[in-house]
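So the structure is just underneath, and the comments pick up after that.
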There are 2 protein chains.
Amino acid sequence: MRVSLKDVAARAGVSIKTVSNVVNNYQHVTPAMRERVQQAIDELGYRPNLTARHLRQGRTGIIALALPELGNPYFAELAAAVIDAAALHDYIVLLDHTGGRREQEVLVSQGFRARVIDGLILSPIELEAEDLRERTENVPLVLLGERHYDLPYDHIAVDNVAAARTAVRHLIDLGRREVAFIGARRGHSQPAHLRLQGWREELLSAGLSVDDGLIATTEGWGHADGAAAMTRILETGRRPDAVFAYNDPIAIGAMRVLSERGMRVPEDVAVVGFDDVVEGHFGTVTLTSVSPDKEAIARMAVESVLARLSGQAPEPRRVWADYRLIARESTLGRST
Amino acid sequence: MRVSLKDVAARAGVSIKTVSNVVNNYQHVTPAMRERVQQAIDELGYRPNLTARHLRQGRTGIIALALPELGNPYFAELAAAVIDAAALHDYIVLLDHTGGRREQEVLVSQGFRARVIDGLILSPIELEAEDLRERTENVPLVLLGERHYDLPYDHIAVDNVAAARTAVRHLIDLGRREVAFIGARRGHSQPAHLRLQGWREELLSAGLSVDDGLIATTEGWGHADGAAAMTRILETGRRPDAVFAYNDPIAIGAMRVLSERGMRVPEDVAVVGFDDVVEGHFGTVTLTSVSPDKEAIARMAVESVLARLSGQAPEPRRVWADYRLIARESTLGRST
DNA sequence: AGCCGGGCTTGCAACGTTATACGTCCGCAT
DNA sequence: ATGCGGACGTATAACGTTGCAAGCCCGGCT
C-alpha cells in the first residue's frame with residue numbers, strides 16, 4: 001500500500017499538516033521538527049501523491065503536445081525539445097498524435113482524452129478556424145506551425161512565406177529558372193499554404209512565370225509522397241532544374257526518384273527542403289534546407305502556455321521563430 | 001470556473017450521485033431521469049474531472065514511456081505505436097527521454113517525475129541490473145530493447161542475437177568475408193551487447209575469423225557516430241567488403257562516408273542496418289535492414305503493463321517479438 | 001391489507017493533499 | 001507583572017469523484 005501523509009504523521013507523532021509543511025518547505029518549522037518528520041518520511045519511503053495534490057491545487061503539471069505524426073523526424077525532434085523545455089519548468093509532457101486528420105485535431109483541441117492537462121500545444125494540419133471558434137475548452141491552447149488562424153490564440157512559427165522565399169531565392173540565384181514546388185495540399189479549402197505562397201511570390205518578384213504544371217500535390221508529408229509527386233511531374237515530360245519541397249522527407253523522396261532516373265543533384269536539378277532534419281545531413285547528397293530554430297519554438301510554446309496559466313499575457317500573440325537557410329550539396333555540389 | 005457534478009446536480013434537481021450514475025452509465029437509471037440529467041450536462045458543458053476520478057480510483061489512466069532519444073526515428077516510430085496501442089485501452093502516454101544516460105534512467109525507473117502514472121515502459125541503455133534491484137517503486141515496469149537483465153520484470157524485444165546472425169548470414173551468403181561491425185558500446189561494463197555477439201557467433205559458425213580491427217565503437221547511435229566510426233576503420237587501412245551496423249542511422253552515416261571516399265555500395269561494400277526506419281527506404285542506395293515488428297512490440301508492452309496492473313500475469317516473462325530481414329539495394333544492387 | 005423484493009435514488013464517507021484560520025507558546029517591550 | 005506580536009503547530013474544510021449502504025417507492029404475492 002502507498003504511504004500517505006497520514007502514515008508519516010502517525011509515525012512522527014505530529015499532525016498531517018505539519019508533515020505537509022515539511023514536505024513543502026514551509027518556512028516556520030523548527031529544525032528539530034523538520035528532522036523528526038524527515039526521518040519518518042525516509043523510514044516509510046513516503047512520496048507525495050501528485051494526483052491528490054493536483055486535485056487540491058487545480059493544476060496537474062502536465063502539458064499535452066499534439067503533433068501530426070512522430071514518424072516525421074521534424075516533429076520527433078520538436079517533441080524532444082518541448083519535453084526538455086517543459087522539464088525546465090517542472091512540467092511533464094503528454095504526447096498525442098493526430099495523423100494530421102481534422103477530426104482528430106478537433107477532438108484534441110476540445111480536450112478529448114486529456115482532461116488531465118493544464119495546457120495544450122497543438123500543431124494543426126487540417127483544423128479549420130471554425131473548429132477553433134467552437135472550442136469550449138478553457139485550458140490554454142498554443143498553436144504551432146504553418147497554419148495561420150485569425151483567432152485569439154498564441155501562435156508560434158517561423159515566417160513561412162519569408163522562409164520559402166529565401167529558399168526559392170537561393171535557387172534562383174543559382175541560375176535556376178524552372179523551380180518546381182512539391183508538397184502542396186490536395187483539395188484543401190484553405191488558401192494555398194504559406195510555403196507555396198512564398199514560392200509563388202518569389203518567382204514573380206524575380207520576373208519568372210508561375211507555372212501550375214510545376215506544382216505537385218501530395219497526400220501526406222513523407223518520403224513516399226515526395227517520390228510519387230516527383231514521378232508525376234517527370235511523367236508529364238517536364239524537366240524542372242530545381243525543386244523546392246514542402247519538407248525534407250518529401251525532398252529526399254524526390255531526390256531518390258531523380259537519382260533513379262539518372263538525373264544528377266545538384267547538376268541537373270537543385271533541391272531545397274524544409275525543416276533541416278538530421279537525415280538530410282547524411283544522404284549521398286546532403287540536403288539544403290530551411291532550418292527553423294526548434295529549440296526556440298519549443299521554448300516559446302511552453303512559455304506561452306505557462307504565461308497564460310498564470311494569467312499573464314492577456315493579448316494573444318503571434319511569435320516568429322528564427323530560421324536560416326543551410327546550403328548543402330543538393331544545391332552546391334560536393335565540396336571535397 | 002469548471003463545472004462539477006455538484007453544479008449539474010443542482011441544475012437537474014437531483015443528487016450528485018445520480019449525476020455520477022448517469023455519467024458512468026450505471027444501469028439502474030430510468031430513461032426519463034437519464035435524459036433530464038443528460039440535458040443539464042449538455043447545457044452546462046460538464047466534463048468529468050479526471051484528476052478527482054483518479055484520486056478516488058487510485059488509477060490515472062496514464063502510462064509513461066521512457067526512451068533514449070526521440071531523434072532516432074526508430075524510437076519515434078515506436079513511440080507512435082505505443083501511443084496507439086495505449087489508446088486502444090483508453091490509456092494515454094506520458095513521454096520522457098533519457099538520453100540513454102544511466103543517471104536519468106535510474107531516475108525514471110524510480111518514478112522520478114511521474115507519481116502520476118500507472119505503469120512504465122522503459123527502454124534502457126546504460127541502466128544496470130543493480131539499479132533495478134534497488135528499485136522501490138511499485139508501479140509495473142516493462143523493459144524494452146536490447147539490454148537483458150536477469151530480474152523479475154517483463155521484457156520485450158526481438159531476439160537480438162538471432163537477428164544479428166541473420167543479418168551477418170545474409171552478408172556471408174553474398175560472398176563477403178570481411179564484415180565490419182559498427183556501433184559497439186565504448187567502455188561498457190556489460191558483456192558486449194547482443195548484436196555484436198550475434199555478429200561474432202555467425203562469423204565463427206561460418207568458419208571466418210573474428211577480427212577486432214573490424215569492430216568500431218561509437219559514442220551514440222546517430223548518423224554522425226556511424227560516419228565517424230566508418231572513417232576510423234578506413235583510416236586504419238582496412239577495407240572491409242561488408243558492414244553490419246548497430247542501427248540504421250549508423251549504417252546511413254557509414255554509407256555516406258563510403259560514398260565520399262568513392263567506394264560503391266553494394267559493389268565494394270555491402271551494408272546492413274537494424275531497425276528498418278523509413279529513412280532507409282529512400283536513400284540514393286536503399287538500406288537492407290533488420291525490421292523488428294514495432295507494432296507488436298508496442299502492443300505487447302502496453303498489454304504487459306495492463307496485465308500487471310490488473311494483477312494478472314504473476315510470472316515475469318521475456319517475450320520475443322517478430323523480425324525479418326528486408327533486403328534492399330545496399331546488399332543487392334539497384335534493380336532496374 | 002400487509003409484506004416482500006427489486007428497481008431506482010440518495011447521503012455519506014473516503015481518496016491524499018493543501019489553505020485557512022486558529023491556538024499556543026515564547027520573548028520582549030511596557 | 002502584563003500585554004503584545006511573531007513563530008510555530010494543528011484542526012478542519014475543502015478539491016471532485018465514486019463505493020457503499022441505506023432509503024424510498026411501487027407492484028405483486030400471500
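So, B:Gly111, is that one within 16 Å of DNA strand C (Cβ to nearest atom) and in the same structural domain as B:Val142 (by TED's automatic domain parsing) or not? Answer is yes for this residue. Of all residues in the range A:7-17, those that are within 10 Å of DNA strand D (Cβ to nearest atom), under 46 Å from the mean Cα position of the chain (by Cα) and open to solvent by 50 Å² or more (accessible area, probe 1.4 Å) total 2.
This table checks each residue for (1) outside the structural domain of A:Val168 (by TED's automatic domain parsing); (2) open to solvent by 10 Å² or more (accessible area, probe 1.4 Å); (3) at pLDDT below 95.
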{"site": "A:Trp199", "(1), (2), (3)": "no, no, no"}
{"site": "A:Ser205", "(1), (2), (3)": "no, yes, no"}
{"site": "A:Val210", "(1), (2), (3)": "no, yes, yes"}
{"site": "A:Gly222", "(1), (2), (3)": "no, yes, yes"}
{"site": "A:Ala228", "(1), (2), (3)": "no, yes, no"}
{"site": "A:Thr231", "(1), (2), (3)": "no, yes, no"}
{"site": "A:Phe244", "(1), (2), (3)": "no, no, no"}
{"site": "A:Ile250", "(1), (2), (3)": "no, no, no"}
{"site": "A:Phe274", "(1), (2), (3)": "no, no, no"}
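Looking only at the range A:217-225, decide whether some residue is without any contact (Cβ under 8 Å) to a residue 60 or more places away in the chain and of a type in the set (Val, Ile, Thr).
Yes, the range A:217-225 has at least one match.
If we keep just the residues of the range A:2-17 that are without any contact (Cβ under 8 Å) to a residue 12 or more places away in the chain and near DNA strand C (Cβ under 7 Å from one of its atoms), which is nearest to B:Gln57 (Cα to Cα)? Within the range A:2-17, the match that is nearest to B:Gln57 (Cα to Cα) is A:Lys6.
For B:Glu69, the conditions (1) more than 9 Å from every other protein chain (Cβ to nearest Cβ); (2) surrounded by fewer than 21 Cβ atoms within 10 Å (Cβ to Cβ) are fulfilled apart from (1). Considering the range A:36-66, and only residues there that are farther than 30 Å from B:Ile83 by Cα and open to solvent by 20 Å² or more (accessible area, probe 1.4 Å), the residue that is farthest from DNA strand D (Cβ to nearest atom) turns out to be A:Gly45. Filtering the range B:18-35 to residues that are open to solvent by 80 Å² or more (accessible area, probe 1.4 Å) and either in a helix (DSSP H, G or I) or near DNA strand C (Cβ under 8 Å from one of its atoms) (or both) leaves B:Tyr26, B:Gln27, B:His28, B:Thr30, B:Pro31, B:Glu35.
Put simply, of A:Ala162, A:Ala64, A:Ala81, A:Ala85 the only residue that is part of a helix (DSSP H, G or I), within 10 Å of chain B (Cβ to nearest Cβ) and not charged (D, E, K, R) is A:Ala81. Among the residues making up the range A:232-250, those that are more than 13 Å from every other protein chain (Cβ to nearest Cβ) and not in a loop (DSSP other than H, G, I, E, B) are A:Arg232, A:Ile233, A:Leu234, A:Glu235, A:Ala242, A:Val243, A:Phe244. Restricting the first member to the range B:38-55 and to residues that are over 11 Å from A:Thr51 (Cβ atoms), and the second to residues that are assigned to a loop (DSSP other than H, G, I, E, B), the beta-carbon pairs closer than 6 Å and six or more apart or on different chains are B:Leu44/B:Val3; B:Gly45/A:Thr136; B:Tyr46/B:Val3; B:Arg47/A:Arg115. Beta carbons closer than 9 Å, at least 6 apart along the sequence or on distinct chains, pair a first residue in the range B:251-265 that is touching a residue at least 12 places away in the same chain (Cβ under 8 Å) and more than 7 Å from chain A (Cβ to nearest Cβ) with a second that is surrounded by 19 or more Cβ atoms within 10 Å (Cβ to Cβ) and of a type in the set (Phe, Trp, Tyr) for B:Ala251/B:Phe244; B:Ala251/B:Phe274; B:Met255/A:Phe282. Of all residues in the range A:303-322, those that are over 19 Å from A:Val82 (Cβ atoms) have Cβ atoms under 6 Å from Cβ atoms of residues that are part of a loop (DSSP other than H, G, I, E, B), 6 or more apart or on another chain, in A:Pro316/A:Pro152; A:Pro316/A:Tyr153.
Residues in the range A:91-117 that are assigned to a loop (DSSP other than H, G, I, E, B), more than 8 Å from chain B (Cβ to nearest Cβ), open to solvent by 10 Å² or more (accessible area, probe 1.4 Å) and not hydrophobic (A, V, I, L, M, F, W, C): A:Tyr91, A:Gly99, A:Arg101, A:Gln110. If you go through the range B:49-60 and pick out every residue that is under 20 Å from B:Val142 (Cβ atoms) and within 8 Å of another protein chain (Cβ to nearest Cβ), you end up with 1. One residue is enough: does the range A:277-287 have a residue meeting the conditions more than 9 Å from every other protein chain (Cβ to nearest Cβ), surrounded by 24 or more Cβ atoms within 10 Å (Cβ to Cβ) and either among the polar types (S, T, N, Q) or over 20 Å from A:Leu78 (Cβ atoms) (or both)? There is no residue in the range A:277-287 that is more than 9 Å from every other protein chain (Cβ to nearest Cβ), surrounded by 24 or more Cβ atoms within 10 Å (Cβ to Cβ) and either among the polar types (S, T, N, Q) or over 20 Å from A:Leu78 (Cβ atoms) (or both).
Within the range A:206-213, not a single residue is in contact with a Gly (Cβ under 6 Å, 6 or more places away or on another chain) and either away from every other protein chain (no Cβ under 14 Å) or not charged (D, E, K, R) (or both). For the range A:75-85, the count of residues that are touching a residue at least 12 places away in the same chain (Cβ under 8 Å), more than 10 Å from DNA strand D (Cβ to nearest atom), open to solvent by 30 Å² or more (accessible area, probe 1.4 Å) and at negative phi is nonzero. Would you check if A:Asp150 is more than 13 Å from every other protein chain (Cβ to nearest Cβ) and more than 17 Å from the chain's Cα centre (by Cα)? Spelling it out, A:Asp150 is indeed more than 13 Å from every other protein chain (Cβ to nearest Cβ) and more than 17 Å from the chain's Cα centre (by Cα). Annotation: of all residues in the range B:36-58 being in contact with a Leu (Cβ under 9 Å, 6 or more places away or on another chain) and in a helix (DSSP H, G or I), the one that is nearest to DNA strand C (Cβ to nearest atom) is B:Leu55.
Condition check for A:Thr136 on (1) open to solvent by 20 Å² or more (accessible area, probe 1.4 Å); (2) touching an Asp or Glu at 6+ places or on another chain (Cβ under 8 Å); (3) in a loop (DSSP other than H, G, I, E, B): one failure, at (2).
The values are calculated or read from the model by the stated rules, or taken from the named source; none is laboratory data. Values in this document were obtained by computation on a predicted structure and should not be read as measured data. Neighbour counts run over all protein chains shown; Cβ positions are idealised from the backbone, glycine included. Heads up: the accessible areas ignore ligands, DNA and RNA and are worked out on the full protein's heavy atoms, side chains in. Shrake-Rupley method; radii C 1.70, N 1.55, O 1.52, S 1.80 Å.
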